[in-house]
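In what follows, a single structure is set out as structure tokens and then discussed.
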């Protein structure tokens, strides 16, 4: 089978992986109220329990880069998805805080591992495919998240017990991975094609796994994920307390943001293909910053909600470009670079909302979100200067 045929088979396969992993992760969301009631937890205790999921993900993300580089990303995807599917049903019936915390830690570790590995596999395939695919991959993850957040509830609504609904979702994850596994590159194939795409220098000596460019992209990723996390944790509270919206409707801001982001990512590959990375990130970050500032400053509810849409519209394709940039760094293996920026980005999603809360406590929530808006503008300007210094555009990258 020719290389073009192998790549053509692998691209749809990795798209299925992104979708089903987004689906599996978000299926936990409807389980949270059940877990809180079953374990008789207050809000602060539930928050501490939920940190176990994030802790497992952050702990495994750096390790995932090493595992993917040594054993190949597809075997890491397989093992981590098996772990996710195995643990998921336990989350609906465990009645001990300790056992639930351990299960969430394993679940988070699986999510963190597959996140790094599937992104590294996606970057590798994009380099071979010769066309952008990272935005659509992240878009499918977002779509999977939207479907998964409703999926468990729908299954229970039609009469399935929560445990049986979780078993169904786990079976879907395993079936998808089993069907797509053989279509992905194995370790030898990844190494062979990676070496032909300049992951080694001209003398064949491998460089350090981390360098300044990776750290720079990681910091920018931290800020973008921080803004996304702030929307998840604080947007409803802002609409309720600062705009007087009824609590039952206050989630509309995040919903509009999420739909805009998912939709734009589905079209993102075409945008990235026509424009340079510099344009996508710089304009996207400035648009996102303007959208968040509109949310904060608008005196009209309709314009405030529009601001959430503008924020999602602008931010949608920034992170996929960062993963693409990381995968093209010549002095760092793609798996290591993706692992590094994934870890820093996910840390921003977890720690960023805490920082927003701290600033809001000392001043106001509006000021805290305004700080996020300024940071997003800084992302656009910083990447603009970075791209000028490196002298790279999308078309230049493809020619390399």
Exercise. Report, largest value first, the span of the C-alpha coordinates of segment 3-196 along each principal axis, in whole Å.
Key: 56, 35, 24
Quiz item: Per residue, how much space in cubic angstrom lies within the convex hull of the C-alpha atoms of the chain?
Solution: 136 Å³
Exercise. Fewest Cβ neighbours within 10 Å first, please rank 84, 106 accordingly.
Key: 106, 84
Quiz item: With a 10 Å Cβ neighbour count serving as the proxy for reagent exposure, in which order, fewest first, do 9, 131, 74 appear?
Solution: 131, 9, 74
Quiz item: For 346, 66, what's the fewest-to-most ordering of other Cβ within 10 Å of each Cβ?
Solution: 66, 346
Quiz item: Dividing the alpha-carbon Rg of segment 1-104 by 2.2 N^0.38 Å yields what?
Solution: 1.33
Quiz item: So what's Rg/Rh here for segment 241-325, counting alpha carbon atoms and using the Kirkwood radius for Rh?
Solution: 1.05
Quiz prompt | Residue-span extension gain [residue 29 to residue 171] - 0.36 nm each, minus C-alpha spacing | solution = 49.3 nm
Quiz item: Under the rule of -39500 (n - 2.57) per DSSP H run of 4 or more residues, summed and divided by the residues of the chain, what mean residue ellipticity at 222 nm is obtained, to the nearest 500 deg cm²/dmol?
Solution: -28000 deg cm²/dmol
Exercise. Quote the relative contact order of the chain in percent (integer), defining contacts as alpha-carbon pairs under 8 Å separated by 6+ residues.
Key: 23 percent
Quiz item: Expressed in nm to one decimal, what extension gain is obtained for the pair residue 364 and residue 161 from 0.36 nm per residue of sequence separation less their Cα-Cα distance?
Solution: 68.8 nm
Self-check item: Relative contact order for segment 3-196, counting Cα pairs under 8 Å that sit 6 or more residues apart, in percent
Solution: 42 percent
Practice problem: Treat each spin label as a single point 7 Å out from the Cα along the C-beta direction, and report the residue 270 to residue 233 distance in nm. | Solution: 3.7 nm
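Each reported figure results from applying straightforward, stated rules to the coordinates on display, with no laboratory input. The structure displayed is predicted, hence computed values, not measured ones. Backbone-built Cβ (ideal geometry, glycine too); neighbour counts: all protein chains shown.
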